[in-house]
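What follows is calculated from the coordinates using simple rules that are stated; it is not laboratory data. Bear in mind that the values here come from a model prediction, so they are computed numbers and not experimental data. Glycine gets a Cβ as well: all are built from the backbone with ideal geometry, and neighbour counts include every protein chain shown.
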Amino acid sequence: MLPEISLHILDVAENSVRAGATLVRIEVLADTAENTLSVTIADNGCGMSEEQLAKVEDPFFTTRNTRKVGLGIPFFKQAALATG
């Protein structure tokens, strides 16, 4: 499962660069007491509007003109939840 999650992280980072970001920061924090990992991906791009942020987990929402679905975040979330 970890290789799949890694690919989703890279997909989000690539989307940041494609959207104009010149700096992408990926932070992974391990909490051994809680047996969890937290992943934060931040960039210096234009950001998301409140509307976009509210729809970020909707697989049928995207701002790209090349396709009509935005599966990156939903698949990333599904893979993470599948780890238990």
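What does the convex hull of the alpha-carbon atoms of the chain project to on average, in nm²? Before the final figure, lay out the partial values.
Working: hull surface 24.3 nm².
Computed as one quarter of the Cα hull surface, the answer is 6.1 nm².
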Inset, instruction - Would you kindly derive the ³J(HN,Hα) couplings of region 77-84 from the backbone phi angles with the Karplus curve 6.51 cos²θ - 1.76 cosθ + 1.60 (θ = phi - 60°), listing them in order in whole Hz, with x for Gly and Pro? - result: 4, 4, 5, 5, 5, 5, 6, x
Inset, instruction - Rounded to whole Å and sorted largest first, list the principal axis extents of the Cα atoms in region 8-53. - result: 37, 22, 17
Inset, instruction - Report the GluC sites (Glu not before Pro) located in region 3-84 that are in a DSSP loop and have at most 10 other Cβ atoms inside 10 Å of their Cβ, or state none. - result: E34
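At 1.306 mPa s and 10 °C, plugging the Kirkwood radius over alpha-carbon pairs of region 30-77 into Stokes-Einstein gives what diffusion coefficient in µm²/s?
Working: Rh = 12.8 Å.
Reported coefficient: 124 µm²/s.
Take the chain, mark every one of the trypsin sites (Lys or Arg not before Pro) that falls in a DSSP loop and has at most 12 other Cβ within 10 Å, then report the longest stretch left between them, sites excluded.
Numbers: sites that count: R64, R67, K68.
Counting only loop sites that pass the neighbour cut-off, the longest clear stretch is 1-63.
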Legend entry - Expected 222 nm ellipticity per residue - DSSP helices of 4 or more, -39500 (n - 2.57), all of the chain, to 500: -12000 deg cm²/dmol
Inset, instruction - Output ³J(HN,Hα) for region 45-59: one whole-Hz value per residue in order, computed from phi by the Karplus curve 6.51 cos²θ - 1.76 cosθ + 1.60 with θ = phi - 60°, and x for Gly and Pro. - result: x, 6, x, 10, 6, 4, 5, 5, 4, 5, 9, 4, 9, 7, x
